[in-house]
Every structure is written in C-alpha cells, then in structure tokens.
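Single-structure report; data block below.
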Amino acid sequence: GGYAVAMVAAAGLGGSAVYSEKKQHKPKTVLAWGGGLSGALGNGGTRNDPRPLAVSSLPPDVTIVSCGDAWSAASTASGHLYTWGKGQHGRLGHGDASDLTVPRRVTMMDGQRVLSLATGSCHGAAVVEGGEVMAWGRNWHGELGVGDTKAGASPVRMD
C-alpha cells in the first residue's frame, strides 16, 4: 500500500497506529479502530468502527500511541501527552474522571517532555526527560508506584 506504519498498539476492544504516506511524505496521522466505548476512538463519537479512521484532532508530530481499556494516549515529538476515551478512575490524567471523545493535551504534564509511554487497563505511565516516571489513574493495588493506593487523576512522580 501507500502507507508506512511507524507504530501499532492494541488493547481491549480496539487498536491504533501511527502512519505516514510513503509517496507524498505527509505528516504522520494516527488511525483508530474497534470499540468506540466512551470515545475510545478519539473521533468525536462513541460508536464502534471496524475500519481504521484518522484521529484528526491530534497534532501531526505523534510518535507514540498506546491503548488501554477503552482509552488511548499519544505523545508527540515535542514531548506533549494527549489522552482520550474513558475517564473513569482518572485514567486520562486530566484531574477528573470525565470521558473525552476527542484527544486533549494533558496540560498537567506541560514542562515534562514525554519520551516513552505505556497504558494499563485503568492507569498510565510516562518516562519524561531526565529519566523520571510520571503515573496516573487507578491505584487500587499500588499500580502508580507512589507508595500508597490513593487514585491519581493527575500525573504524579513515581517514587
């Protein structure tokens, strides 16, 4: 085909991929498909879709995508973190439990350049410049690595 896939991620009910067009050297685009529960596809709706569709509201410099349980995250070459989908347990990192049907930048991570990203079922973690780990979301069993089991709807530095 006419696309070069740079990365793919899958979990739960769906998947995402970062791709660029081979022939035209256009900016990278994130595609999402599968279960649309709580906005997990990032296309503004909540319907399932078996076809890969562009997540058009993301910037063109996405380098990493990761999928959790009905939510996704992406980071950009400039180090910004974006999340969307099911917000329960604070898994989106925006300080609340609201669902988002389109990606939103996690402004609480501004000033922290994201280098690596991972998503669990209901929590996420990112390695930031300097080698520190920031984590957020459900923490029932100590998933956030901060020495307690309090939920973290906002990113916190791992101990």
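The values are calculated or read from the model by the stated rules, or taken from the named source; none is laboratory data. Small disclaimer: the values here were computed from a predicted structure and weren't measured. Backbone-built Cβ (ideal geometry, glycine too); neighbour counts: all protein chains shown. Ligands, DNA and RNA are excluded from the accessible area calculation, which covers all protein heavy atoms including side chains. Shrake-Rupley method; radii C 1.70, N 1.55, O 1.52, S 1.80 Å.
Of all residues assigned to the range 1-19, at least one qualifies as being open to solvent by less than 50 Å² (accessible area, probe 1.4 Å) and either modelled with pLDDT of 85 or more or assigned to a loop (DSSP other than H, G, I, E, B) (or both).
Residue 61 meets the stated requirement of being under 22 Å from residue 28 (Cβ atoms) and either over 12 Å from the mean Cα position of the chain (by Cα) or hydrophobic (A, V, I, L, M, F, W, C) (or both). On inspection, residue 62 fails the criterion of being more than 18 Å from residue 138 (Cβ to Cβ), open to solvent by less than 20 Å² (accessible area, probe 1.4 Å) and modelled with pLDDT of 95 or more. When the range 121-147 is filtered for residues that are of a type in the set (D, E, K, R) and either touching an Asp or Glu at 6+ places or on another chain (Cβ under 6 Å) or at pLDDT 95 or above (or both), the ones remaining, listed by number, are 129, 132, 138. Listed by position, the strands (runs of 3 or more DSSP E) inside the range 66-159 whose residues that are within 21 Å of residue 8 (Cβ to Cβ) and either open to solvent by less than 50 Å² (accessible area, probe 1.4 Å) or without any contact (Cβ under 8 Å) to a residue 24 or more places away in the chain (or both) number at least 3 are 71-76, 81-85, 114-119, 123-128.
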